[in-house]
2 protein chains.
Amino acid sequence: MFTSKPFGLVAVGIIMLQLLSPVVAQSATEEQLRNRNRTVSLGIVVFPGWEPLDVFGPLELFFSISVAHKLVLSVIAAETGLVSAGVPPHLMKPGEPPMDVGYMLQPKIEATHTFANAPALDIILIPGGLGNVALEQANDTSVEDFIALRADHAEYLLSVCTGSVSLARAGVLKGRRATTNKGAWDWVTSHGGDGINWVPTARWTQDGKVWTSSGVAAGIDMAYAFLRHFYGEDDENLVATMNGIEYAPHTNADWDPFSVVHKVYWRCTTPTCGPLTLTIHDKVPGADPDANVEGCVKPVGF
Amino acid sequence: MFTSKPFGLVAVGIIMLQLLSPVVAQSATEEQLRNRNRTVSLGIVVFPGWEPLDVFGPLELFFSISVAHKLVLSVIAAETGLVSAGVPPHLMKPGEPPMDVGYMLQPKIEATHTFANAPALDIILIPGGLGNVALEQANDTSVEDFIALRADHAEYLLSVCTGSVSLARAGVLKGRRATTNKGAWDWVTSHGGDGINWVPTARWTQDGKVWTSSGVAAGIDMAYAFLRHFYGEDDENLVATMNGIEYAPHTNADWDPFSVVHKVYWRCTTPTCGPLTLTIHDKVPGADPDANVEGCVKPVGF
């Protein structure tokens, strides 16, 4: 039976806002208005062991808003076809056999393009995941080679979680602020050499065209902040997207309780130190063990 | 170069907790302990136009925890192979041509099983998405037929967003509390006949074996609540999962600012009413226009 309101989600929200909202004074910049009115090419890199929510958190926002703003998506990997989130075998500790967790769940996404033939990209999103570790241990530099090649061509580079390792190895973080998930702080920040301003307490960072987020779910908060930058905070379609997906975002980039949870306020400086020793070697500049862990959120527009 | 802490994310967190935590008094129930120690079969239903985060929000939690608790995953659809999140054409209003938004982003997941050969399932997750609408308009009842067939065989049924339409049409919501996303309240609640206790202000509901969540991102909060029920709140692996993915969950099932955002406190009762008329016809029992829209969250365990 056909009803007067036969559907849901974003499309309804967008149409309702357009019909019900008074004309809002445009506070969008010229650039934001241009962004709303051009087709934007988004590329998402994946590799075996990509972290599911690193990809699909931000992707949900781009997907939802694509009903109203023109976007094209490329999912980019070494080979086209299915790419599993299943974690490849990798070394946990020197001298031990590889950790094989192939029994973990293995959802698979379709890669539409390869590093060789990905189209022109405006925004490149690089997820994290334990697959990062496996790539490094296999001396596979394909992800960072691709990023290094395309970095100048792209308008924006976004990393989620340990995806910032790929940015670091590609050389694009030199002289920039960056963060990562806090459970892998020491490992991630050992990459890219000197000159990277690793920020230990940050939900996400933005430095020019380079945006990096903390772990996994933080990618959603970064994605909203990015879309607010790209399309404008008052973009009706962005507001409708956030309220259609019923996500109340963390909007303060400094809110990072997980830097406290994961004790990112000391830095391991000898081969034997590490979280297991709890010995404070060097205090990490900018880390705040007393950072407020509670964050209060509400729907966008309220 | 190999470091003493070469990896990230959940595996580290789990190992750290196991090594560093004092032995915590077990407060888990017998059932929760059994759940931690048996292989659990999870099935996720998809269909063309599945909502990305409806699937991958909860799936991230199951994926992460699968390093420590045995889980097997089936992605179930009408046919195996690639299933697109791209929204199929569907009618928005009677008398108008179908709305074709094929230009929207089209990420694709791999379906591993069909409705005909899905294995024995303990937990069935049903996402929402505009694909629901297209299925209904095509008189395609395959999703609800599958749910109706397997409902008694499964231990738990979980729906996200408009996935509760499928549960309603399968007849499993009779006499139960249920909710859905709030942007499609009228449409969703027109399904399943009388006898369903639709709850208008709820982030998620639980009624026996049936769990339903509000829109999209609410699925993550429901998934955490479910895993807390299933494995126990003090399950170290669940705590490590939530802190590894850096998600601070909404833990109050009654917190639902989106019922206010989407004005779910009136119910359309004539063919011409609806959100466009803003005429209050019937007040929806249990709806609260003054519900608090702000929610404060913090990391699990803090």
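The values are calculated or read from the model by the stated rules, or taken from the named source; none is laboratory data. Quick caveat: nothing in here was measured; it's all calculated off a predicted structure. Counting neighbours? That spans all protein chains shown, and the Cβs are built from the backbone with ideal geometry, glycine included. Just so you know, the surface numbers come from the protein's heavy atoms only, side chains and all, with ligands and any DNA or RNA stripped out. Shrake-Rupley method; radii C 1.70, N 1.55, O 1.52, S 1.80 Å.
Please compute the net charge surrounding B:F115, taking Lys and Arg as +1 and Asp and Glu as -1 over other residues with Cβ under 13 Å from its Cβ.
With Lys, Arg at +1 and Asp, Glu at -1, the net is -3.
When you look at the Cβ of every residue in A:95-101, what mean number of other chain Cβ atoms sits within 10 Å?
Shielding by partners across A:95-101 averages 1.
Helix B:218-231 versus the longest principal axis of chain B: what angle, 0 to 90°, nearest 10, using Cα atoms?
Its long axis makes an angle of about 40 degrees.
Return the subset of A:K108/A:K209; B:K263/B:K283; B:K209/B:K283; B:K209/B:K263; A:K298/B:K209 for which the Cα-Cα distance in this structure is over 18 Å, preserving the input order.
Table pairs above 18 Å Cα-Cα are A:K108/A:K209; B:K209/B:K283; B:K209/B:K263; A:K298/B:K209.
Counting only DSSP beta bridges with both residues in region B:36-119, what percent are antiparallel, rounded to the nearest 5?
Approximately 40 percent, going by the DSSP bridge assignments.
Over the Cα atoms of region A:70-209, Rg to Rh with Kirkwood Rh, two decimal places?
Checking Rg against Rh, the ratio lands at 0.96.
Probe of 1.4 angstrom, ligands and nucleic acids ignored: what's the accessible area per residue over chain B, in square angstrom?
36 Å²
Convex hull over the alpha-carbon atoms of chain A: what's its volume per residue in Å³?
That works out to 161 Å³ per residue.
Within a Cβ distance under 15 Å of A:S142, other residues only, what is the Lys/Arg minus Asp/Glu net charge?
Local charge sum for A:S142: -3.
Per residue of B:135-141, count partner chain C-beta atoms within 10 Å of its C-beta, then hand back the mean as an integer.
1
Run the numbers for B:N197 and B:A148: contour at 0.36 nm per residue of separation, minus the present Cα-Cα distance, in nm.
Result: 15.8 nm gained on full extension.
Over the whole of A:54-67, what's the average partner chain Cβ count within 10 Å per residue? Rounded to a whole number, please.
Averaged over the peptide's residues, the number is 6.
Excluding A:E155 itself, what net charge comes from residues whose Cβ is under 9 Å from its Cβ, given Lys and Arg +1 and Asp and Glu -1?
0
Note the per residue figure in Å³ for the convex hull of the C-alpha positions in the protein assembly as shown.
147 Å³
Please compute the volume of the convex hull spanned by the alpha-carbon atoms of region B:108-167 and report it per residue in Å³.
90 Å³
Where does each of A:289-302, A:194-207 land if you order them by average Cβ count within 10 Å, highest first?
Result, highest mean Cβ count within 10 Å first: A:194-207, A:289-302.
Starting from the Cα of A:E96, step 7 Å along the direction of its Cβ; do the same at B:E30; then give the gap between the two resulting points in nm.
For A:E96 paired with B:E30, the spin-label model returns 3.5 nm.
As a check on your grasp of the helix formula, calculate [θ] at 222 nm for chain A: sum -39500 (n - 2.57) over DSSP H runs of n ≥ 4, divide by the residue count, round to the nearest 500.
Value at 222 nm, helices only: -8500 deg cm²/dmol.
From the residues A:V83, A:F62, A:V133, which one has its Cα farthest along the dipole of chain A in the positive direction, the dipole being from +1 and -1 charges on Cβ of Lys/Arg and Asp/Glu about the Cα centre?
The Cα lying farthest towards the positive end belongs to A:F62.
Using a 1.4 Å probe on protein heavy atoms only, how many Å² of accessible area do A and B hide from each other, summed over both chains and rounded to 100?
8000 Å²
Hey, what did region B:33-113 get for relative contact order, percent, Cα under 8 Å, at least 6 apart?
Computed value for region B:33-113: 34 percent relative contact order.
Rounded to two decimals, what is the ratio between the C-alpha radius of gyration of region A:150-199 and 2.2 N^0.38 Å?
With N residues counted in region A:150-199, Rg over 2.2 N^0.38 Å equals 1.05.
Once you keep just the Cα pairs under 8 angstrom separated by 6 or more residues, what percentage relative contact order results for chain B?
Once normalised by length, the contact order is 17 percent.
Out of the total accessible area of chain B (probe 1.4 Å, heavy atoms of protein only), what percent is carbon and sulfur?
On chain B, the fraction of accessible area on carbon and sulfur atoms equals 53 percent.
Can you tell me the order of A:172-178, A:83-89, B:166-172 when each peptide is scored by its average per-residue count of other Cβ atoms within 10 angstrom, highest first?
Output ranking for A:172-178, A:83-89, B:166-172: B:166-172, A:83-89, A:172-178.
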